[in-house]
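Heads up: the structure comes next, in structure tokens.
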Amino acid sequence: SYVFVSDDPLYINQYPPIFHYTADRRPGVQISGRFPIDIWPRALMWAFEWHDTTKDLILKRGEPLFYVRFEGPDPSAQVRLVEATKTPELETFMASIAGVSEIVGQTYSLFKTARERRPATLLVPKA
């Protein structure tokens, strides 16, 4: 699983691989998502609503499951990806938000609290 984290305000958008051609259409709809990785770092998940259960869902090795796009307050700013260290602070903060979507329907209502509880630094690049 991939986890993205930022110390600056930054959203991640996760959506279907719309620019990837497949000969067979998938028998349902892939669920997209958007959340702020500066206050809500969590593993990306793949979600699919299987509408036609009479058809097989075929996932082939090497084909993308989804695309991600980053969105910050300044559209001209470049996003630089670095491998990060999973520090105790990051692990503790991630544990504090883990599983809440199973309990609370609208996790956006928790973003203010997450921002208040967030340590000053979560992103520590690997040396």
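The values are calculated or read from the model by the stated rules, or taken from the named source; none is laboratory data. For clarity, every value in this text was computed on a predicted model and none was experimentally measured. These accessible areas exclude ligands, DNA and RNA; they are computed on the full protein's heavy atoms, side chains included. Shrake-Rupley method; radii C 1.70, N 1.55, O 1.52, S 1.80 Å.
Here are a few things to note about the model shown:
- Per the Kirkwood formula applied to alpha carbons, the stretch 1-73 shows a radius of gyration over Rh ratio, Rg over Rh, of 1.04.
- The Cα-based radius of gyration of the chain, divided by its Kirkwood radius, gives an Rg/Rh of 1.01.
- Using alpha-carbon coordinates, inclination of helix 88-97 to the longest axis of the chain, degrees: 60 degrees
- Share of carbon and sulfur in the accessible heavy-atom surface of the chain [1.4 Å probe, %]: 54 percent
- Length-normalised contact order of the stretch 3-78 in % [C-alpha pairs under 8 Å, at least 6 apart]: 45 percent
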